[in-house]
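Below: one structure, written as structure tokens.
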Number of protein chains: 2
Amino acid sequence: MTKQNYTSEDSIKIFKALADPIRLEIIKYLNQLNHEESCGEIGQAMDISKTSGSYHFKILQEAGLITVHKIAREKYVKLDRPTFDYYLTHFWQNL
Amino acid sequence: MTKQNYTSEDSIKIFKALADPIRLEIIKYLNQLNHEESCGEIGQAMDISKTSGSYHFKILQEAGLITVHKIAREKYVKLDRPTFDYYLTHFWQNL
DNA sequence: TAAATAGTTCAAATATTTTTGAACTATTTA
DNA sequence: TAAATAGTTCAAAAATATTTGAACTATTTA
């Protein structure tokens, strides 16, 4: 279930998460995908180090923009579409 | 006329502009206003220095989130609602 | 014309974000 | 069990963003 009633702090966390070229690339990449993909695969597609990937995925997750699903030693990641949908339709209410 | 076809760089500029507590306060303040107000008045309402105001208004304007209208020595500012409307309805296309 | 007001610009100081590489944990494969 | 793989954590370095105050321009008011 998607979170309702965001605070301004939540909003800022979301905007900060979106306000970086690597993270926006990740978002765009995940958007045109319709399955889960591992952090490693995505990191390779973005051509970033695994440390950098780890950092950026954490920020995206903490903003609620992706969901993460660990299987054994791999972490699979996909867009949290309900967050985007909710946020885009309740933008002014949530600021 | 509102800009169509944003690049990823434009998007990042917009997200960065929104990703700051003072600027988000300004946006919220302007949103519940329906007339133009001067930078000075807004700055006072936000309790920030005029230098800081000048800096933040510039970032908001360069992101296309506000429009500015100079009368004599004062600058009047209001939300650029078409930008918000367009962006919120074309979010995925514009990333 | 002098003083006051609205806002800008600049450079320095401060704060925050991002990158980097090495060392680490947990899991899988040989 | 040893080696390899996926990802995390940490602290230092580098890059960016924000704040500050002083000096500035342009306009208005006394």
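Remarks
- For B:ILE66, the conditions (1) surrounded by 17 or more Cβ atoms within 10 Å (Cβ to Cβ); (2) among the aliphatic types (A, V, I, L, M); (3) within 14 Å of chain A (Cβ to nearest Cβ) are fulfilled apart from (3).
- Test for A:THR7: is it open to solvent by 30 Å² or more (accessible area, probe 1.4 Å) and within 14 Å of DNA strand D (Cβ to nearest atom): no
- Count of the stretch B:83-95 residues, restricted to those that are over 12 Å from the mean Cα position of the chain (by Cα) and either part of a helix (DSSP H, G or I) or more than 12 Å from every other protein chain (Cβ to nearest Cβ) (or both), is 9.
- For the stretch A:10-38, filtered to residues that are at pLDDT 95 or above, within 13 Å of DNA strand D (Cβ to nearest atom) and open to solvent by 30 Å² or more (accessible area, probe 1.4 Å), the residue that is nearest to the other protein chains (Cβ to nearest Cβ) is A:LYS16.
The values are calculated or read from the model by the stated rules, or taken from the named source; none is laboratory data. Everything numeric in this text was worked out from a predicted model, so none of it was measured. For neighbour counting, all protein chains shown are included, and Cβ atoms are generated from backbone atoms with ideal geometry for every residue, glycine included. In case anyone asks, the SASA skips ligands and DNA or RNA and just uses the protein heavy atoms, side chains included. Shrake-Rupley method; radii C 1.70, N 1.55, O 1.52, S 1.80 Å.
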